[in-house]
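Peer 1: Below is the structure I would like to discuss, written out as structure tokens.
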Amino acid sequence: DDENCLVSFFVLGFPVSFTNSGGGQHNLRGHFRGQAQFQARCNCADYEYRQFIRGRFTRTRGGVVNDLGGIFNLLPAGRLTADFREDGDTSDNPVNYGHRANPADNNPEDRYINDAGNDDQANGCRYRNEDFPGANLNTQAGDSFDALMQFRGVIRRSGREVRSLEWTAIRGVFNVP
């Protein structure tokens, strides 16, 4: 009955920004929002969201390519990896997205809500999240950053995967003039 219990599951992506912050700094940022809706008759508490991340991040400076995956050291894996690992921010509470046992979070949004729109981590039938992946970068004229950040969102029912989506939040080569 999972097909009838998961009413909707989608992710909205927004344009990537690469902006000069001044003082030899640039900011590379993606942005997306996700939402899932479950039928109340299906015991919404059984459904949870999980988010995974993978990718690569390199800088070419003076012809030398450096792997910068380690600048993402607040990810639970300690760096950006080539395989999907659970996403999160180890400096935030809660660390991971979608765990019902964790408190609702406003920054970034990560919450289950009830029909009235109030936080209800235990039993809420709607899940919403928002993420702003990226980095503040030390830059020099002529630097080139090759970035790929991909995500996988999974809806689980009692620990079993029901549906998943994959999307790319950042992809491209970003050059510093």
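Peer 1: Any residue that is crowded, with 18+ Cβ neighbours inside 10 Å, modelled with pLDDT of 95 or more and hydrophobic (A, V, I, L, M, F, W, C) - is there at least one of those in the stretch 57-67?
Peer 2: Yes; the residues of the stretch 57-67 include at least one that is crowded, with 18+ Cβ neighbours inside 10 Å, modelled with pLDDT of 95 or more and hydrophobic (A, V, I, L, M, F, W, C).
Peer 1: Look at residue 28 and say whether it is assigned to a strand (DSSP E or B), out of contact with any His (no Cβ under 6 Å at 6 or more places or on another chain) and crowded, with 17+ Cβ neighbours inside 10 Å.
Peer 2: Yes: the conditions hold for residue 28.
Peer 1: So which residues in the stretch 109-147 are in contact with a Leu (Cβ under 7 Å, 6 or more places away or on another chain) and of a type outside the set (A, V, I, L, M, F, W, C), if there are any at all?
Peer 2: 134
Peer 1: Being surrounded by 15 or more Cβ atoms within 10 Å (Cβ to Cβ), β-branched (Val, Ile, Thr) and assigned to a loop (DSSP other than H, G, I, E, B): is that true of residue 81 here?
Peer 2: When the stated conditions are applied, residue 81 passes them.
Peer 1: Take the conditions part of a strand (DSSP E or B), small (Gly, Ala, Ser), under 17 Å from residue 7 (Cβ atoms) and modelled with pLDDT of 95 or more and apply them to residue 153. Does it pass?
Peer 2: yes
Peer 1: Quick one: what pairs do we get from the stretch 26-53, first residue more than 21 Å from residue 1 (Cα to Cα), second aromatic (Phe, Trp, Tyr) and surrounded by 20 or more Cβ atoms within 10 Å (Cβ to Cβ), C-beta under 7 Å, 6+ apart or different chains?
Peer 2: Listed pairs, sorted by first residue: 28/145; 51/97; 51/151; 52/151; 53/151.
Peer 1: Restricting to the stretch 134-168, name every residue that is among the hydroxyl-bearing types (Ser, Thr, Tyr) and farther than 18 Å from residue 72 by Cβ.
Peer 2: 144, 158, 164
The values are calculated or read from the model by the stated rules, or taken from the named source; none is laboratory data. Being a predicted model, the structure only gives us computed values, none of them experimental. Heads up, the Cβs are rebuilt from the backbone with ideal geometry, glycines too, and the neighbour counts pull from every protein chain shown.
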